[in-house]
Amino acid sequence: PLGKFVCVTGVSGSGKSSVLRALLGLLPLTQGMIRFQGKPLDAASVQAVRSRIAYIGQEPILGAESVREALLLPFQFKSHHGHKPTEAQIMDVLQRLHLPADILRQDSGRISGGEKQRIALARGLLLGKSIYLLDEVTSALDAASKQAVFEVFSDASLTVLSVAHDPDWIERCDLVFEIEEGRLISRRGRAGFD
């Protein structure tokens, strides 16, 4: 649902990350259908779907030497070239994710796993997407950083579909799907989302 915080959970190897890859059109379906805003996801519609989605994985690859270069990497591509964020926008997203401004000068290979995850999240936020697919993005975060990430992505204008094992993260979701061996075994939600 639009504007909601949804989680897919289950044991390792149950197919959680495969759900996200299928939504991106990266994993072909063997049966069933995925609908995006009421329309079937197919070869013709996948590019339009991808243009609205930011995917942030558990172990993001920053792809540049400095953190600043990594943060701005997507804006070198034609599809985002005209949307490069201002310095104020960059500072705002860093602050919201509890990252110091001087991290921009650091070598991206020398930052911690938790900082790397938050830089990848910052990059996704700067793209201005409305739908976020988050794959275990709190796995390397301490409690304060995890809280900051949750607060940022609890924005009612964003739709979040996450994969998580973290009970704190799962507890805060509007809707939780549990899967096992690629099959839905339970669905639970807050009032009005069941």
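The values are calculated or read from the model by the stated rules, or taken from the named source; none is laboratory data. A quick note: this is a predicted structure, and the numbers were derived from the prediction, not measured. All Cβ positions, even for glycine, are placed from backbone atoms using ideal geometry, and neighbour counts span all protein chains on display. The protein model used for the area step is the full one, side chains on, heavy atoms only, and it has no ligands, DNA or RNA in it. Shrake-Rupley method; radii C 1.70, N 1.55, O 1.52, S 1.80 Å.
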Could you grab the pairs with beta carbons closer than 9 Å, sequence gap of 6+ or different chains, first residue in the range 14-31 and more than 22 Å from Gln47 (Cβ to Cβ), second one modelled with pLDDT of 80 or more and polar (S, T, N, Q)?
Lys16/Thr9
Determine which single condition Ser157 fails, assuming it passes every other condition in (1) farther than 15 Å from Val67 by Cβ; (2) without any contact (Cβ under 8 Å) to a residue 40 or more places away in the chain; (3) open to solvent by 30 Å² or more (accessible area, probe 1.4 Å).
(2)
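Condition check ((1) of a type outside the set (S, T, N, Q); (2) open to solvent by less than 60 Å² (accessible area, probe 1.4 Å); (3) under 15 Å from the mean Cα position of the chain (by Cα)) across all residues:
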{"position": "Lys129", "(1), (2), (3)": "yes, yes, yes"}
{"position": "Leu133", "(1), (2), (3)": "yes, yes, yes"}
{"position": "Ala143", "(1), (2), (3)": "yes, no, no"}
{"position": "Ala148", "(1), (2), (3)": "yes, yes, yes"}
{"position": "Val152", "(1), (2), (3)": "yes, yes, yes"}
{"position": "Val176", "(1), (2), (3)": "yes, yes, no"}
{"position": "Leu184", "(1), (2), (3)": "yes, no, no"}
Count, please, the residues in the range 93-122 that happen to be open to solvent by 70 Å² or more (accessible area, probe 1.4 Å) and within 17 Å of Glu151 (Cβ to Cβ).
3
Residue check, Ala88 at pLDDT 90 or above and either small (Gly, Ala, Ser) or assigned to a helix (DSSP H, G or I) (or both):
yes
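Just checking, which of Glu59, Glu65, Glu69 is open to solvent by 70 Å² or more (accessible area, probe 1.4 Å), under 18 Å from the mean Cα position of the chain (by Cα) and within 18 Å of Glu115 (Cβ to Cβ)? Talk me through it step by step, then tell me what you get.
Values: Glu65 fails: under 18 Å from the mean Cα position of the chain (by Cα); Glu69 fails: under 18 Å from the mean Cα position of the chain (by Cα).
Residue meeting the stated conditions: Glu59.
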